[in-house]
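Peer 1: Here it is: the structure, laid out below.
The values are calculated or read from the model by the stated rules, or taken from the named source; none is laboratory data. None of these values were measured; they are calculated from a predicted model. Cβ placement follows ideal geometry from the backbone for every residue including glycine, while neighbour counts extend to all protein chains displayed. Just the protein is used for accessible areas: all its heavy atoms, side chains included, with ligands, DNA and RNA removed. Shrake-Rupley method; radii C 1.70, N 1.55, O 1.52, S 1.80 Å.
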Amino acid sequence: MSSRLNLVRATVDAFAKAARTGDRPAFDRLISNRDSSFPDRARLLYDNLSSLPLTTLRMRVEPTEVALSDARRKLLGPSAWLQRVIVTWRLAGDGDEVEHRVWLTFLEAGGEVKIAGAIDEPTGSLPEQKPSWWLGPFNARERGGVTVLAGSGQALDRWAKLAAAALSNVREQLPNGLGESWNRQVVIEVPATQRDFEAVLGKSTGSYASIAAVTHRAGGAGDAIRIVVNPKAARLTSSDLQSVLEHEMVHVATRSPDTAAPMWAEEGLAEWVSMRAHPGQRSGGTDELLLRVRSDGAPRAFPADRRFDAGAGNLELAYAEAWLACRFIADRYSESQLGRFYAELAAGNSLDQASRSILHLSETELTAEWRAYLDRLARY
């Protein structure tokens with residue numbers, strides 16, 4: 001093991017400890033000012049990390065050193081280089097740890113290694129999920145089992161209040177038997193900009209512009225499931241925004257990113273729980289769906305997974321079909337059977353197996369009953 005690698009490891013260990021314990025002088029001693037713009041960037045990282053309700057923060061460095069660009073090397077000198085660091089962190093509301101990979105610029109001088117940059121990446125790097133604290137200033141708040149990280153310009157009080165109310169509804173409305181491994185807490189990230197929203201998700205710019213919120217496995221490893229909200233969703237009414245949060249919280253509770261359930265069952269269940277908490281509210285594409293049923297007949301099958309892809313045409317129609325599929329099962333059979341039916345699908349059973357086991361219908365019979373249900377709704 002090289003002596004320089006040992007020095008780098010000591011530096012990142014000290015970086016994490018200083019941020020975790022709020023030791024600003026110790027943190028500042030790790031920062032090089034050879035790039036005069038970097039101390040401000042470093043202070044932002046410290047302020048963000050030290051304000052988080054962290055239960056875990058540690059860093060480990062990958063051994064490979066990567067050369068800087070010519071321009072950066074000219075500024076920082078020949079003893080500076082890039083190295084990737086694995087940051088493991090966990091918030092009070094997380095169900096598990098989160099890992100993110102970031103690139104730090106190091107500089108060796110006088111027998112010690114300091115951090116000289118946190119903006120460089122090797123040429124050709126693929127998009128990776130970025131932690132909120134890496135992207136810009138934000139505030140954090142815990143309220144009623146919810147931890148909210150809100151980027152600059154976001155109304156933290158509003159987000160925290162709506163999220164706490166949404167979580168209370170989901171805890172009450174989720175069918176029995178679902179979410180048994182859930183810690184009944186939620187972490188929500190609301191980035192400052194559309195670009196930051198997609199950076200947190202690790203997606204290319206513009207690819208998620210039409211999506212209000214996403215529930216995903218946070219970071220490159222670990223089992224934490226978080227909600228990331230498109231900042232444009234703040235324009236919604238409070239009632240509609242709370243519904244969006246309730247929908248996403250169902251995904252957290254059921255760990256839908258990890259399940260084998262078809263997308264229509266995942267999204268339909270989330271819509272059903274969300275709509276249940278707001279009597280009279282309907283999934284956005286319902287009117288168009290029933291109009292199509294009246295003119296062309298009911299869909300011949302439950303919506304395919306590809307219809308829920310980001311950027312897919314007429315997403316609202318797919319969500320309405322999924323919602324009414326789950327509402328049909330709850331209305332015709334029971335809420336308990338809807339929960340058990342979903343659990344069968346989530347465990348990897350086929351639609352036919354789940355339907356026969358819980359509803360005593362074949363897949364063909366279930367589809368026919370759902371289509372008849374849509375026909376009846378369309379006539380009223």
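Peer 1: If I histogram all Cα-Cα distances within region 31-137 using bins 10 Å wide from 0, what percent of pairs lands in each bin?
Peer 2: 13, 44, 33, 9, 1
Peer 1: Equivalent-ellipsoid semi-axes (√(5λ), Cα gyration tensor) for the chain, whole Å, largest first?
Peer 2: Equivalent ellipsoid semi-axes, largest first: 47, 19, 19 Å.
Peer 1: Lysine pairs in the chain with Cα distance under 21 Å, only those 8 or more apart or on different chains: how many are there?
Peer 2: 7
Peer 1: Could you give the angle, 0 to 90 degrees to the nearest 10, between helix 38-51's Cα long axis and the longest principal axis of the Cα atoms of the chain?
Peer 2: Between the helix axis and the principal axis of the chain, the angle is about 50 degrees.
Peer 1: Another question, then. Quote the accessible area belonging to Ser336 in square angstrom, nearest 10, computed with a 1.4 Å probe and with ligands, DNA and RNA left uncounted.
Peer 2: My reading of the accessible area for Ser336 is about 60 Å².
Peer 1: Also, I was wondering about something else. Would you kindly find the accessible area of Thr259, with a 1.4 Å probe and non-protein molecules such as ligands, DNA and RNA excluded, rounding to the nearest 10 Å²?
Peer 2: 30 Å²
Peer 1: Take the solvent-accessible surface of the protein heavy atoms, probe 1.4 Å, and return the percent of it on the chain that carbon and sulfur atoms account for.
Peer 2: The C+S portion of the solvent-accessible surface of the chain is 46 percent.
Peer 1: Right, next: So what is the orientation-averaged projected area of region 177-302, using the convex hull of its C-alpha atoms, in nm²?
Peer 2: 9.6 nm²
Peer 1: Okay, next question. Check each of the trypsin sites (Lys or Arg not before Pro) in region 256-340 and keep only those in coil by DSSP with at most 16 other C-beta atoms within 10 angstrom; list them in order.
Peer 2: Arg282, Arg300
Peer 1: So with the 1.4 Å probe, I'd like the accessible area per residue for the chain, rounded to whole Å².
Peer 2: Accessible area per residue: 44 Å².
Peer 1: Right, here's the next one. For the full complex of protein chains and a 1.4 angstrom probe, list Thr105, Thr254, Thr64 by accessible area with the highest value first.
Peer 2: Largest accessible area first, the list is Thr64, Thr254, Thr105.
Peer 1: Next question. Regarding region 1-52, what are the three Cα extents along the principal axes, ordered largest first, in Å?
Peer 2: 34, 26, 15
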